[in-house]
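Let me begin by presenting the structure, written as structure tokens, before commenting on it.
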Amino acid sequence: MMNIELRHLRYFIAVAEELHFGRAAERLRISQPPLSQQIQALELQIGARLLLRNNRNVSLTPAGEMFLRNAYQVLSQVEDAAAQAARIHRGEIGQLTLGFTSSSPFIGAVSRSLKHFRQLHPYVHLQMAEINSRQQIEPLLDGKLDLGIMRNTRLPDGLDYRLLLDEPLVAVLPEDHPLAKHAELEVQALADQPFVFFSREVGTALYDEILSLLAGAGITPYITQEVGEAMTIVGLVSTGLGVSILPASFMRINVDGVKYVPLTDPEFISQVWLVNHHHRPLSAPAQALMTLLLDFHKTPDGD
């Protein structure tokens, strides 16, 4: 088997371009005798004369002309491969899969992080999947998701979470509702109101989280309408079918006939988590996005 090294190609290219061993040796910063020996060794390995030389001239043989063209290609491919590997290591190219809940795009820290990530890493293929918190668990475990943005929920062993933010919960009221005139409300004011809420079958973390908070306040809500999406909740509230409680990020949804009123109860918050697999190393793009998300949520307007 041949044992041609990249340095042999560089030595040959230098001689082929200079057509002079002395100038090629000076360009390579080596002495001339070792250069001549390396070219001879290369020709022996190939089994072909690449250069014709005498005391005055150096010229390429037909085999040398073909070898020069291929040598350029080989070195170019190696350089491209090295540059691409470095870009992958820095997270500039690659693929990243992110799970997110329906409210995530409305959270300022999340939306700004994603925008900044796209500006910094335009060649990373970012594949996003809108999945509720519980449904993100299995793909995070089996590697189909690199990261997940979800609400507070029970996680199995193997998954780690980092707190992105404590998001306040707000009352969602019909605009003409008597309670809508208040600047803020205690949750007890909603105790006797008909509720529009998530269906249990949907299995969102918000379902358990909000019902648990209401139970802690001694409230069992009278749920008159059960739906699958927060957007549907807002829409039905606008028709006057009931009230609801949602994270403050949904206040960015402007729907005619709806008023969002902050709750004064300090415990009425919803935690937003960034989740990844504990034992699976993060890719460079995933690590870059995680860093952005954790940094952006610390800013004053990080929502």
Q: Scan the range 133-152 and give yes if some residue there is closer than 20 Å to Met251 by Cα, modelled with pLDDT of 95 or more, exposed (fewer than 15 other Cβ atoms within 10 Å of the Cβ) and of a type outside the set (Gly, Ala, Ser), otherwise no.
A: no
Q: Can you work out which of the residues in the range 73-113 that are assigned to a strand (DSSP E or B) and among the small types (Gly, Ala, Ser) is nearest to Gly228 (Cα to Cα)?
A: Gly99
Q: Scan (1) more than 23 Å from Thr153 (Cα to Cα); (2) assigned by TED's automatic domain parsing to the domain that holds Leu145; (3) in a loop (DSSP other than H, G, I, E, B) for the single condition Arg280 breaks and write down its number.
A: (1)
Q.
Which condition from (1) outside the structural domain of Glu138 (by TED's automatic domain parsing); (2) touching a helix residue (DSSP H, G or I) at 6+ places or on another chain (Cβ under 7 Å); (3) within 30 Å of Gln95 (Cβ to Cβ) is the one that Leu206 breaks?
A. (2)
Q. Residues in the range 170-212 that are closer than 26 Å to Thr153 by Cβ and not in a loop (DSSP other than H, G, I, E, B): how many?
A. 20
Q | Members of the range 61-83 found to be touching a residue at least 12 places away in the same chain (Cβ under 8 Å) and within 18 Å of Leu19 (Cα to Cα), listed by number | A | Thr61, Ala63, Gly64, Phe67, Leu68, Ala71, Tyr72
Q. If you check Arg90 against the conditions, is it among the basic types (Lys, Arg), more than 30 Å from Leu141 (Cα to Cα) and surrounded by fewer than 16 Cβ atoms within 10 Å (Cβ to Cβ)?
A. no
(Q) Can you pull out every residue in the range 196-218 that is of a type in the set (A, V, I, L, M, F, W, C) and out of contact with any Asp or Glu (no Cβ under 9 Å at 6 or more places or on another chain)? (A) Ala205, Leu206, Ile210, Leu211, Leu214, Ala215
Q) Here are some residues: Tyr222, Tyr207. Which one is free of Cβ contacts under 8 Å to residues at least 60 places away in the same chain, surrounded by fewer than 16 Cβ atoms within 10 Å (Cβ to Cβ) and among the aromatic types (Phe, Trp, Tyr)? A) Tyr222
Q) Which is within 28 Å of Phe296 (Cα to Cα), touching a Phe, Trp or Tyr at 6+ places or on another chain (Cβ under 9 Å) and basic (Lys, Arg), of Arg200, Arg252? A) Arg252
Q: Output the residues belonging to the range 137-154 that are closer than 19 Å to Pro281 by Cβ and touching a residue at least 40 places away in the same chain (Cβ under 8 Å).
A: Pro139, Leu140, Leu141, Gly143, Lys144, Leu145, Asp146, Leu147, Gly148
Q: Considering only the range 17-43, state which residues are over 18 Å from Glu5 (Cβ atoms), over 51 Å from the mean Cα position of the chain (by Cα) and assigned to a helix (DSSP H, G or I).
A: Phe21, Gly22, Gln32, Pro33
Q: Identify all residues within the range 119-157 that are touching a Leu at 6+ places or on another chain (Cβ under 7 Å), within 30 Å of Ala86 (Cα to Cα) and among the charged types (D, E, K, R); write none if there are none.
A: Asp146
Q: Scan the range 105-123 for residues that are modelled with pLDDT under 90 and under 11 Å from the mean Cα position of the chain (by Cα) and report the count.
A: 1
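Listed here are the residues, each with its yes/no results for (1) crowded, with 16+ Cβ neighbours inside 10 Å; (2) over 18 Å from Thr291 (Cα atoms); (3) assigned by TED's automatic domain parsing to the domain that holds Phe198.
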residue	(1), (2), (3)
Arg69	no, yes, no
Ser103	yes, yes, no
Lys115	no, no, no
Leu120	no, no, no
Q. Which of the residues spanning the range 213-231 are assigned to a helix (DSSP H, G or I) and closer than 20 Å to Asp192 by Cβ?
A. Leu213, Leu214, Ala215, Gly216
Q.
Out of Ala109, Ala129, I need the residue that is aliphatic (A, V, I, L, M) and in contact with a His (Cβ under 7 Å, 6 or more places away or on another chain). Which one?
A. Ala109
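The values are calculated or read from the model by the stated rules, or taken from the named source; none is laboratory data. This one's a predicted model, so the numbers in the text were calculated from it and none came from an experiment. Every residue, glycine among them, receives a Cβ derived from its backbone with ideal geometry; neighbour counts consider all protein chains shown.
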